[in-house]
1. What aspartates and glutamates sit close enough to Lys170 to cross-link, taking a C-alpha to C-alpha distance under 18 Å and skipping anything fewer than 8 places away on the same chain?
2. Within 10 Å, count the other beta carbons around each residue, average over each peptide in 26-36, 137-147, and list them highest first.
3. Taking the Cβ of Asp150 as the center, what net charge do the other residues with Cβ under 12 Å away carry, scoring Lys and Arg +1 and Asp and Glu -1?
4. Evaluate the distance, in nm, between pseudo-label points positioned 7 Å from the Cα of Glu244 and of Ser345 along their respective Cα→Cβ axes.
5. How charged is the neighbourhood of Thr80? Take every other residue with its Cβ under 15 Å from the Cβ of Thr80, and add Lys/Arg as +1 and Asp/Glu as -1.
6. Structure shown: which of Lys234/Lys292; Lys165/Lys339; Lys254/Lys292 lie over 30 Å apart, alpha-carbon to alpha-carbon?
7. For the range 74-172, just say rounded, prolate or oblate: build the C-alpha gyration tensor, square-root its eigenvalues into a ≥ b ≥ c, call rounded for a/c under 1.5, and beyond that prolate if a/b exceeds b/c, oblate if not.
8. Would you work out if the range 136-202 is rounded, prolate or oblate? Take a ≥ b ≥ c from the square roots of the eigenvalues of the alpha-carbon gyration tensor; rounded if a/c is under 1.5, else prolate when a/b is larger than b/c, oblate otherwise.
Amino acid sequence: MAVSARSDVVIPEILETEQYRGLAEILDVFNEASGGCIVLASANARQASEGGEYTQWRRFKAMSGLDNRVDTDNPANTATAVKLEMTAGASVRQTRRLGPVNFSDDAPAAAGMTREAWNANIGRQFAETQFKTIRNNIIAAAVAAVDSADTPSADCHVLDVARGKTAGAKVAITASQLNLLLGKMADHREDIELLVMPSPVFTDLVGDQIANFKVDRIAGTLLYTDVPAAFGRKVVVADIPALEVAQTSGYYSKYFVLGLGRGALTAEITADGPADVDRDLDTESVRNILRKDYWVDYAVRGMQWAPAGATPNPTDAQLATAANWDEDYDDHRDLPVVKLVVNAS
């Protein structure tokens, strides 16, 4: 039996090993399924599962004036220097906490589990909770940030066809609307490789043809490929709160569909603390208290975190506020994010 110097009931070594293993497994499958359009990462989980160092993918702004004619008649002319800049925009870091989790010494035995299995179960829950949290937050950030892309015009990457008041029929998603959404990218429409939508919208899109599509399930997220109505794009179906807005009485609910290009969204757990364990002996039944802190960087490619006031550690609500994001591109096509607003039947 594994024994920890910190506790013989809470076994941090097993808990953290299972958390890292589980998180790395979930992220690898999710990132592969999203085609690299949504990149969720954990530095510690990656190193724990693979070992060694890793290299982060860097992206750069398109350089204007990169290719020029050379004036051979005036060789003394000075060449104009071209500046190389990052295009990912400024990310924002958030401090988060798992737990505290409180349970008694006899909890594993009462559940018919060994202490190793008990701690492995907690570690797995930590991994799945982290995944869902950072997934939901980066999607919420993207839903908000794209509203702040107003060059060359307001809502240049947003197509809103939803009906508001209940007078008249709801406007459900169609392939025609998806085509118009892709058109927001002009001649870069093929850069959009992934569609993220809630299940009611996906149901409207594919109807009774759903049995013909390839389906995978990862930690509560359904992933579909080979969807004809999606123009060959991959589809992630997830009922994320930020993808649905319940309206006031007398109005239809609105749903959001995100079209994403490669590397559009990034959320990385840059560091996490050890599993901190405390034992409360001043109770009838000895209690174990477990907590783990971690830090996440969120980035929307082509946008930057630019709130009016200093918010070094934003709340979830601040992260999902459009006014806190600003465009960071030379050409709107450098922002591989588009948003469709529809109703659902």
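Please treat every number below as a calculation from the coordinates, not as lab data. Quick caveat: nothing in here was measured; it's all calculated off a predicted structure. Positions of Cβ are backbone-derived with ideal geometry, glycine not excepted, and every protein chain shown enters the neighbour counts.
1. Excluding near neighbours in sequence, the set is Asp160, Asp204, Glu244.
2. Numbers: 26-36: 18.8, 137-147: 23.6.
Peptide ranking by packing, descending: 137-147, 26-36.
3. Working: positive: none; negative: Asp147, Asp155, Asp326, Glu327.
Neighbour charge sum, excluding Asp150 itself: -4.
4. Each label point is offset 7 Å from its Cα along the Cβ direction, giving 1.8 nm.
5. Working: positive: Arg69, Lys83; negative: Asp67, Asp71.
For residues surrounding Thr80, the net value is 0.
6. On the way: Lys234/Lys292 34 Å; Lys165/Lys339 21 Å; Lys254/Lys292 36 Å.
Correct reply: Lys234/Lys292; Lys254/Lys292.
7. Details: a/c = 4.87, a/b = 1.63, b/c = 3.00.
Oblate shape, in that a/c is at least 1.5 and b/c is the bigger or equal ratio.
8. Numbers: a/c = 1.39, a/b = 1.33, b/c = 1.04.
Since a/c stays below 1.5, the shape of the range 136-202 is classed as rounded.
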